[in-house]
Amino acid sequence: MEIPRETLVLMLELMLKIRHFELRVKDLFAAGEIPGFVHLYLGQEAVAAGVCATLNKDDYITSTHRGHGHIIAKGADVKYMMAELYGKATGYNKGKGGSQHIAWPGLGILGANGIVSGGIPIATGAAMSAKLRKSGQVAVAFFGDGASNEGAFHESLNLAAVFDLPVVYVCENNLYGVGTRQTRVRKVENVADRAAAYGMPGQTVDGNDVLAVYRAAREAVDRARAGAGPTLIECQTYRWRTHFEGEPDTYRPPEEVEAWMRREPIAPYRQYLIEQGILSTREAEEIEQHVIVQVNDAVEFARNSPFPAPETALEDLWA
Amino acid sequence: MREISFSQAIVEATAEEMRRDPTVCVWGLDIGPYGGAFGCTRGLYEEFGPERVIDMPISELGYVGMGVGAAATGLRPVVELQFSDWITLPSDTLINQASKMRYMFGGVLSVPMVLRAPVGGYLAAAGQHSNSFESMFAHIPGLKVVLPSTPYDAKGLLKSAIRDNNTVLFFEHKKLYETKGPVPEEEYTIPIGKADIKRPGTDVTIVAYAFMVRKSLAAAEQLAQEGISVEVVDLRTVSPLDEEAILTSVKKTQRLVIVQETWRRCSVGAEVAAIVAEQALDYLDAPVVRVTAKDVPIPFSPVLENYVLPQEADIIAAVRRVLRA
């Protein structure tokens with residue numbers, strides 16, 4: 001599969017943007033600047049970048065509680081994301097959603113979702129909508145290994161298969177549903193094995209290899225767009241951090257965390273691009289500096305933005 | 001004026017909206033060639049075909065959730081649940097998704113979905129096919145909840161519900177489906193959130209909705225023979241609630257009986273009583289009386305069910321009570 005140069009570079013840029021955004025959010029949250037809870041995407045960057053690099057601007061995604069990566073990869077401006085995390089009026093959703101509930105239909109982002117599996121039927125419905133409207137759009141549902149044990153997952157996959165819907169189900173298997181290791185709560189070896197039960201292709205890929213993710217997603221998205229139906233892709237990956245920031249890591253062996261952090265997705269890919277002559281070291285450095293500036297600007301934008309007027313809490317309920 | 005049944009009114013409203021707007025589509029269990037368990041989609045499959053009239057597997061969470069996703073992306077799905085009792089299965093998609101998506105996302109999208117579902121008892125259908133869950137959903141900000149009592153209201157309100165840009169739960173009482181009433185051939189709609197005085201009167205106000213409107217009208221007719229003038233206010237929509245219509249009638253009659261088929265505790269009737277207590281207590285000449293189901297699951301045996309659900313005699317007794325006070 002030939003991957004265009006700009007796509008190869010884009011995937012590096014997206015991964016770096018997610019990485020630097022999340023590192024900043026980690027520190028800002030620890031410093032008490034960001035209220036509430038945050039669930040960081042650190043370590044899983046290759047999944048969002050590899051999948052979203054195959055999508056058009058008007059294709060749909062649904063995301064999860066750990067959604068910052070998907071939203072950045074789908075093209076969101078980190079300024080308005082950061083402002084949303086700060087609860088500011090300038091955020092994508094006027095401070096009403098926060099970290100777990102960012103949506104922007106103009107980029108096909110139908111929402112991060114605080115309910116595990118909550119986005120899966122919504123993506124399936126968006127795919128039905130695209131099919132009936134003959135719009136050529138594809139929907140992608142991102143979710144974790146935990147969501148694959150929810151009824152919404154099983155019902156949606158059956159429905160999508162029955163109606164040959166243009167949807168791709170992307171399971172980010174990071175081994176743990178909150179604090180429970182997946183092998184304790186699932187009998188089949190791979191989440192992707194479950195695809196067979198619904199009559200759709202299923203594939204398990206290395207979720208820390210952005211090229212492997214891209215290839216699997218490219219095939220699935222093309223298939224969906226051609227009207228050949230849904231696909232389940234399981235991306236094996238790992239979150240560097242605990243389920244949410246501030247949670248004590250009592251359930252993961254430290255050597256497991258260290259081993260996965262050594263297998264992180266960005267540095268090897270950057271090295272690969274340089275070795276292949278796709279980027280020079282300097283160009284790669286410039287890309288990284290560029291995203292750091294964007295993230296810094298986003299923090300300043302968020303800090304300097306006004307909080308919403310309290311009475312705006314009563315707006316936006318009804319259409 | 002011609003008369004049609006409540007279920008025919010539902011079919012007509014849906015068909016007219018499907019002809020008017022190509023983004024309107026219908027899905028649910030047995031709603032295709034089968035025509036719907038209560039006949040409310042009869043003929044739609046033949047006219048609009050399998051692309052817009054879609055038979056679903058028994059996967060309420062899946063296909064109601066799909067309705068939410070489709071509504072957020074340019075369709076106006078009318079989703080039918082075969083029995084409203086099963087609304088517990090897709091409740092997350094209604095309570096945590098559909099009702100909140102617009103608000104939580106700062107108004108950047110909307111979810112114009114209609115969920116149609118049969119409610120109610122008096123059919124010896126027991127605890128899992130007789131429920132009326134409107135109070136639970138009226139509690140949720142962001143959902144509209146409609147319960148028509150006549151074919152005329154059903155048609156006009158369903159057309160409004162389909163055109164509404166919010167999620168509307170449209171509950172149809174099973175005992176009403178075969179009832180007939182005048183429905184004009186020409187186009188009309190009825191605004192959501194407006195009550196209707198089904199019988200004007202001066203001595204007592206009865207606030208009711210859905211099948212209880214018929215029972216209240218029958219009771220009012222009987223009381224009229226004794227010279228008691230009952231005004232029957234049909235809420236038609238329990239969220240949003242037409243507070244003005246309730247208060248205007250209560251201020252006129254100064255006596256209030258609330259009749260609802262569902263349970264008493266934390267219910268629509270409790271809300272109506274609270275509104276009157278807050279805004280019109282000084283007008284009341286007697287304490288408010290509520291006629292409701294008793295707070296137990298709906299039992300099977302007709303003897304038990306009739307004991308639990310409100311009867312015409314209970315309404316008459318309630319009216320006499322507020323008049324005696």
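If the condition is being open to solvent by less than 30 Å² (accessible area, probe 1.4 Å) and charged (D, E, K, R), then region B:227-257 contributes B:Glu231, B:Asp234, B:Arg236, B:Asp242.
Of all helices (runs of 4 or more DSSP H) completely enclosed by region A:102-218, which ones contain at least 1 residues that are in contact (Cβ under 8 Å) with a residue 60 or more places away in the chain? Where helices (runs of 4 or more DSSP H) fall fully within region A:102-218 and carry at least 1 residues being in contact (Cβ under 8 Å) with a residue 60 or more places away in the chain, they are A:119-133, A:151-162. Taken over region A:130-146, residues that are in contact with an Asp or Glu (Cβ under 6 Å, 6 or more places away or on another chain), closer than 30 Å to A:Leu175 by Cα and within 13 Å of another protein chain (Cβ to nearest Cβ) amount to 1.
Listed here are the residues, each with its yes/no results for (1) of a type in the set (Asp, Glu); (2) within 20 Å of A:Ala127 (Cα to Cα).
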{"site": "A:Gly199", "(1), (2)": "no, yes"}
{"site": "A:Ala217", "(1), (2)": "no, yes"}
{"site": "A:Glu256", "(1), (2)": "yes, no"}
{"site": "A:Tyr272", "(1), (2)": "no, no"}
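Contact map, region B:171-196: residues that are more than 21 Å from B:Glu134 (Cα to Cα) paired with residues that are open to solvent by 20 Å² or more (accessible area, probe 1.4 Å) and at pLDDT below 95, Cβ distance under 9 Å, separation 6+ or inter-chain. Pairs shown: B:Pro182/B:Met1; B:Val183/B:Met1; B:Pro184/B:Met1; B:Glu185/B:Met1. Of the residues making up region B:293-312, at least one is polar (S, T, N, Q) and closer than 22 Å to B:Glu226 by Cβ.
Of the residues contained in region A:213-234, none is found to be out of contact with any helix residue (DSSP H, G or I) (no Cβ under 7 Å at 6 or more places or on another chain), over 17 Å from A:Ala139 (Cβ atoms) and of a type in the set (Gly, Ala, Ser).
Checking B:Glu47, B:Glu51 one by one, the residue that is open to solvent by 30 Å² or more (accessible area, probe 1.4 Å), closer than 20 Å to A:Gly125 by Cα and not β-branched (Val, Ile, Thr) is B:Glu51 and no other. Within region B:128-181, the residues that satisfy the criterion of being hydroxyl-bearing (Ser, Thr, Tyr) and within 16 Å of B:Trp86 (Cα to Cα) are B:Ser130, B:Ser132, B:Ser135.
When region A:235-252 is examined, which residues are found to be open to solvent by less than 50 Å² (accessible area, probe 1.4 Å) and either of a type in the set (S, T, N, Q) or out of contact with any helix residue (DSSP H, G or I) (no Cβ under 7 Å at 6 or more places or on another chain) (or both)? Selection gives A:Thr237, A:Arg239, A:Thr242, A:His243, A:Glu247, A:Tyr251, A:Arg252. Scanning region B:83-133 for residues that are open to solvent by 20 Å² or more (accessible area, probe 1.4 Å) and among the aliphatic types (A, V, I, L, M) yields B:Leu89, B:Ile95, B:Met104, B:Val108, B:Leu123, B:Ala124, B:Ala125, B:Ala126.
Scanning region A:147-161 for residues that are within 12 Å of chain B (Cβ to nearest Cβ) and open to solvent by 10 Å² or more (accessible area, probe 1.4 Å) yields A:Glu150, A:Gly151, A:His154, A:Glu155, A:Asn158, A:Ala161.
Taken over region B:5-32, the criterion of being open to solvent by 10 Å² or more (accessible area, probe 1.4 Å) and touching a strand residue (DSSP E or B) at 6+ places or on another chain (Cβ under 8 Å) is satisfied by B:Glu12, B:Asp21, B:Thr23, B:Leu29, B:Asp30.
Scanning region A:1-52 for residues that are part of a loop (DSSP other than H, G, I, E, B), of a type in the set (D, E, K, R) and more than 26 Å from A:Ser280 (Cα to Cα) yields one hit, A:Glu33. A count restricted to region A:1-37 and to residues that are open to solvent by less than 20 Å² (accessible area, probe 1.4 Å) and under 17 Å from the mean Cα position of the chain (by Cα) stands at 9.
Cβ-Cβ contacts under 6 Å between residues 6 or more apart (or on different chains), taken from a first residue in region A:245-266 that is within 23 Å of A:Gln100 (Cβ to Cβ) to a second residue that is among the β-branched types (Val, Ile, Thr) and surrounded by fewer than 14 Cβ atoms within 10 Å (Cβ to Cβ), are absent. Listed here are the strands (runs of 3 or more DSSP E) enclosed by region B:1-96 that have at least 2 residues being in the same structural domain as B:Leu109 (by TED's automatic domain parsing) and under 22 Å from A:Leu165 (Cβ atoms): B:24-28, B:53-55, B:76-80. Scanning region A:79-129 for residues that are within 7 Å of chain B (Cβ to nearest Cβ), open to solvent by less than 10 Å² (accessible area, probe 1.4 Å) and on the phi > 0 side of the Ramachandran plot yields a count of 1.
Considering the conditions (1) surrounded by 23 or more Cβ atoms within 10 Å (Cβ to Cβ); (2) within 7 Å of another protein chain (Cβ to nearest Cβ), B:Ala71 is excluded by exactly one of them, (2).
B:Gly106: on the phi > 0 side of the Ramachandran plot and without any contact (Cβ under 8 Å) to a residue 60 or more places away in the chain, yes or no? Against the criterion (on the phi > 0 side of the Ramachandran plot and without any contact (Cβ under 8 Å) to a residue 60 or more places away in the chain), B:Gly106 qualifies. Here are some residues: B:Thr189, B:Thr202. Which one is open to solvent by 10 Å² or more (accessible area, probe 1.4 Å), in the same structural domain as B:Ile315 (by TED's automatic domain parsing) and either at pLDDT 95 or above or closer than 22 Å to B:Leu94 by Cα (or both)? Just a single option satisfies the conditions, and that option is B:Thr202. Beta carbons closer than 8 Å, at least 6 apart along the sequence or on distinct chains, pair a first residue in region A:267-283 that is free of Cβ contacts under 8 Å to residues at least 40 places away in the same chain with a second that is part of a helix (DSSP H, G or I) and open to solvent by 50 Å² or more (accessible area, probe 1.4 Å) for A:Ile274/A:Thr281.
Just so you know, in region B:75-103 the residues that are facing chain A (nearest Cβ under 7 Å) and free of Cβ contacts under 8 Å to residues at least 40 places away in the same chain include one that is farthest from B:Ala117 (Cα to Cα), and it is B:Tyr103.
Taking the criterion of being in a loop (DSSP other than H, G, I, E, B) and not aromatic (Phe, Trp, Tyr), the residues of region B:296-325 that qualify are B:Val296, B:Pro297, B:Ile298, B:Pro299, B:Ser301, B:Leu309, B:Pro310, B:Gln311, B:Ala325.
The values are calculated or read from the model by the stated rules, or taken from the named source; none is laboratory data. Remember, predicted model here, so these are calculated numbers, not experimental data. With ideal geometry, Cβ positions are generated from the backbone for all residues, glycine too; neighbour counts draw on all protein chains shown. Areas reflect the complete protein model, heavy atoms only, side chains present, ligands, DNA and RNA absent. Shrake-Rupley method; radii C 1.70, N 1.55, O 1.52, S 1.80 Å.
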